[in-house]
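Student: Before we start, here is the structure in question, set down as structure tokens.
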Amino acid sequence: MATPAVSYSKIEIRPYAPNLGAEVRGISLAHGVSAQEFDEIRKAFLAHQVLFFRDQEEIPPGRHIEFGRMFGELHAHPAAPAMEGYPEIFEIHAHKESKVANGEFWHSDVSCDEIPPLGTMLQLHILPPSGGDTMFSDMYAAWEALSAPMQNMLMGLTATHESAHVYLGRYADRGQDDNNISCPSAVHPIVRTHPDTKRQALYINRTFTTRINELSATESRVILEMLFGHCEQIEFQIRFRWSHNDMAFWDNRCCMHRAIWDYWPEERKGRRVTIKGDRPSC
Ligand code: SIN
């Protein structure tokens, strides 16, 4: 079941792939977003799950925060250090001295939170000469492609999402002390209903999901591995190649993403604002 077609008069929308992603042109986010533009962006976001704003100038941090707040209250990352002077901004930065880069494995942002984020807005200002793409996977499509017997089995099951194995030591190279961070864990339904589109999506990911609670340890391990492999199939994916100052805005409730760190020792840097969501429910 696809999201119904929408028409636009304030922005130009070009689908990136038939089911996932759209490029947005005809708007300058650095100059602020009108109510009518916001309305169309929101519709496009719900229809395409991830938007790529092209031809942008660098968005001042205050404007970036303001744009995020149009979608709701902002989310504070439990472990990553914030940009100086802007507690709402998480800097994405990998360079020659980095030991890890952010988001290298498939995930939905901070799914370990009780109330995980609705969406994330990332603008990149420094790009490597090549590489540094971000991949996205359509979790509506992943759910819809499962057989009816598998859907029946998963419906009503819950999974634990943990973060200590991800966050402890993760930001040490940025001066973050593990004693000052929290490593949340939460239990969420394996299939969640999107609160706006009412479509169902698989809600598990390789980074944070550790256990299907109602199954034995062996069953949980095998079924989770099958589901991870299933939702990482290329048929559900797009791969975004960034241009300078592009802004990506993804819906964490119905897609996963993965940042490819294939550019070391080159640098890649940008700013991320994350919007609070609601408690996942099936
Ligand atoms: C992230 O997971 O937020 C990082 C995405 C990226 O760097 O492309």
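Student: Restricting to the stretch 191-244, name every residue that is of a type in the set (S, T, N, Q) and over 20 Å from the mean Cα position of the chain (by Cα).
Tutor: N213, S216, T218, S220
Student: Give the stretch 82-136 a look and list any residue that's out of contact with any strand residue (DSSP E or B) (no Cβ under 6 Å at 6 or more places or on another chain) and of a type in the set (S, T, N, Q), or say none.
Tutor: Scanning the stretch 82-136 gives S98, S130.
Student: I've got another one for you. Examine the stretch 29-48 for a residue that is free of Cβ contacts under 8 Å to residues at least 12 places away in the same chain and either in a strand (DSSP E or B) or closer than 24 Å to M135 by Cβ (or both), and state whether such a residue exists.
Tutor: no
Student: While we're on this one: Against the conditions (1) out of contact with any Lys or Arg (no Cβ under 9 Å at 6 or more places or on another chain); (2) over 23 Å from F45 (Cβ atoms); (3) crowded, with 18+ Cβ neighbours inside 10 Å, where does A159 fall short? Just the number, please.
Tutor: (1)
Student: Let me ask something else. Would you be able to say whether some residue in the stretch 37-56 is of a type in the set (K, R), open to solvent by less than 40 Å² (accessible area, probe 1.4 Å) and under 20 Å from the mean Cα position of the chain (by Cα)?
Tutor: Yes: one or more hits.
Student: Shifting gears a bit: Looking only at residues in the stretch 182-226 that are surrounded by fewer than 19 Cβ atoms within 10 Å (Cβ to Cβ), among the aliphatic types (A, V, I, L, M) and touching a residue at least 12 places away in the same chain (Cβ under 8 Å), which one is farthest from E97 (Cα to Cα)?
Tutor: Looking at residues that are surrounded by fewer than 19 Cβ atoms within 10 Å (Cβ to Cβ), among the aliphatic types (A, V, I, L, M) and touching a residue at least 12 places away in the same chain (Cβ under 8 Å), I get L215.
Student: So how many residues does the stretch 162-182 have that are aliphatic (A, V, I, L, M) and modelled with pLDDT under 90?
Tutor: The number of residues fulfilling the criteria is 3.
Student: Considering only the stretch 66-85, state which residues are more than 16 Å from the ligand (Cβ to nearest atom) and over 17 Å from the mean Cα position of the chain (by Cα).
Tutor: E66, M70, E84, G85 - these are the residues of the stretch 66-85 that are more than 16 Å from the ligand (Cβ to nearest atom) and over 17 Å from the mean Cα position of the chain (by Cα).
Student: Then there's this: Give the number of residues within the stretch 88-142 that are assigned to a loop (DSSP other than H, G, I, E, B) and buried (at least 17 other Cβ atoms within 10 Å of the Cβ).
Tutor: 16
Student: Across the stretch 151-181, what is the number of residues that are within 21 Å of S98 (Cα to Cα) and among the hydroxyl-bearing types (S, T, Y)?
Tutor: Result for the stretch 151-181: 3.
Student: If you go through the stretch 128-156, how many residues are out of contact with any Lys or Arg (no Cβ under 6 Å at 6 or more places or on another chain) and either within 16 Å of the ligand (Cβ to nearest atom) or without any contact (Cβ under 8 Å) to a residue 12 or more places away in the chain (or both)? Give the steps one after another, and end with the answer.
Tutor: Initial filter on the stretch 128-156 (out of contact with any Lys or Arg (no Cβ under 6 Å at 6 or more places or on another chain)): 129-131, 134, 136-139, 141-156.
From what's left, either within 16 Å of the ligand (Cβ to nearest atom) or without any contact (Cβ under 8 Å) to a residue 12 or more places away in the chain (or both): 130-131, 134, 136-137, 139, 147-150, 152-153.
Of the residues in that region, 12 qualify.
Student: Take the stretch 192-216 and flag every residue that is in contact with a helix residue (DSSP H, G or I) (Cβ under 6 Å, 6 or more places away or on another chain) and hydrophobic (A, V, I, L, M, F, W, C).
Tutor: A201, L202, I204, I212, listed by residue number.
The values are calculated or read from the model by the stated rules, or taken from the named source; none is laboratory data. Note that this is a predicted model, so its numbers are computed, not measured. Here the Cβ is made from the backbone with ideal geometry for all residues, glycine too, and neighbour counts use every protein chain on show. Heads up: the accessible areas ignore ligands, DNA and RNA and are worked out on the full protein's heavy atoms, side chains in. Shrake-Rupley method; radii C 1.70, N 1.55, O 1.52, S 1.80 Å.
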